[in-house]
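Take a look at the structure below.
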Amino acid sequence: MIESFEELEKEIKDCQKCKLCHNRNNIVIEDGDRQSKVMMIGEGPGADEDEQGVPFVGKAGKLMNQAFKGIGFEREKIYIANIVKCRPPMNRNPEQDEINACIDYLRTQVMLVKPKIIVLLGNVALKAILGEEYSITKARGKWIEKKGIRYMPTFHPAALLRDEQKKIDFWKDLKEVKKEIEKLS
Ligand code: URA
Ligand code: SF4
């Protein structure tokens, strides 16, 4: 069992557990505060993330940062990670075998961070974490509690780039999360 972030890093470095290892430039593990009560989980790195080794630094990440700013969320105080750590080619969704190969790293991250709240960004994160029976259109905006963690599913920020309408709900969901964070502290 992995018991520290250092051990986790050592374990992921040079990982070849799935085919996504072939085209990556950098493995994208995390960003933010390892002691945060709030974790955000995306899908997987895009081109910018793959280049920089940091999650959510590209277009979608910038949009997310804007929303954070508007709401009064400090990104540095949140822990951010993805379902898969290496970039899927052409930004396609990660495939089930890739998710299965990678998900234990994320489980370890959750175990080490011990968040009270997890925001699931989009369908891939929602299904990989809570189960295939969930879908983002139905589940978004509603708290789901499991094993002492409160989950808030919401749209993936990249979906907001395609559909402006979704921004309203995304902001609403983040505000709900902020309200809950304030109750924790
Ligand atoms: N999209 C994601 O799901 N994760 C990132 O890190 C960047 C874009
Ligand atoms: Fe390993 Fe995950 Fe990268 Fe696949 S995506 S090679 S399992 S770190």
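One table, with the values for the structure above:
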| quantity | calculated |
| --- | --- |
| Choice from I29, I149, I99 with maximal GNM fluctuation in the chain (Cα, 10 Å cutoff) | I149 |
| Pairwise FRET efficiency - Q96 versus E76, Cβ, R0 = 41 Å, nearest 0.05 | 0.80 |
| Net charge dipole size for segment 32-185 [Lys, Arg +1 and Asp, Glu -1 on Cβ; Debye, nearest 20] | 680 |
| K178/M111 FRET efficiency (R0 30 Å; Cβ-Cβ; nearest 0.05) | 0.75 |
| Cα-based equivalent ellipsoid of segment 5-184: semi-axis lengths in Å, sorted from largest, via gyration tensor | 24, 18, 16 |
| Under 25 Å from K10, Cα to Cα: lysines that are on another chain or at least 8 residues apart | K19, K37, K77, K85, K114 |
| Percent antiparallel among DSSP beta bridges (both partners in the chain, rounded to 5) | 30 |
| At least 20 Å along the helix axis (C-alpha) and Kyte average at least 0.0, DSSP helices within the chain | 96-113 |
| Relative contact order of segment 5-184, defined on C-alpha pairs under 8 angstrom at six or more residues apart (%) | 24 |
| Label-to-label distance, nm, for residues given as K69 and N25 (7 Å Cα→Cβ offset) | 2.5 |
| Rounded D (µm²/s) - segment 1-77, Kirkwood Rh over Cα pairs, Stokes-Einstein at 20 °C, 1.002 mPa s | 153 |
| Cβ crowding within 10 Å averaged over residues, with 10-19, 173-182 ranked highest first | 173-182, 10-19 |
| Where labels lie 7 Å past Cα in the beta-carbon direction, separation of I103 and K10 in nm | 2.7 |
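Readers should treat all values here as calculations from the given coordinates under stated rules, not as data from a laboratory. The structure displayed is predicted, hence computed values, not measured ones. Cβ atoms come from the backbone with ideal geometry, glycine included; neighbour counts cover every protein chain shown.
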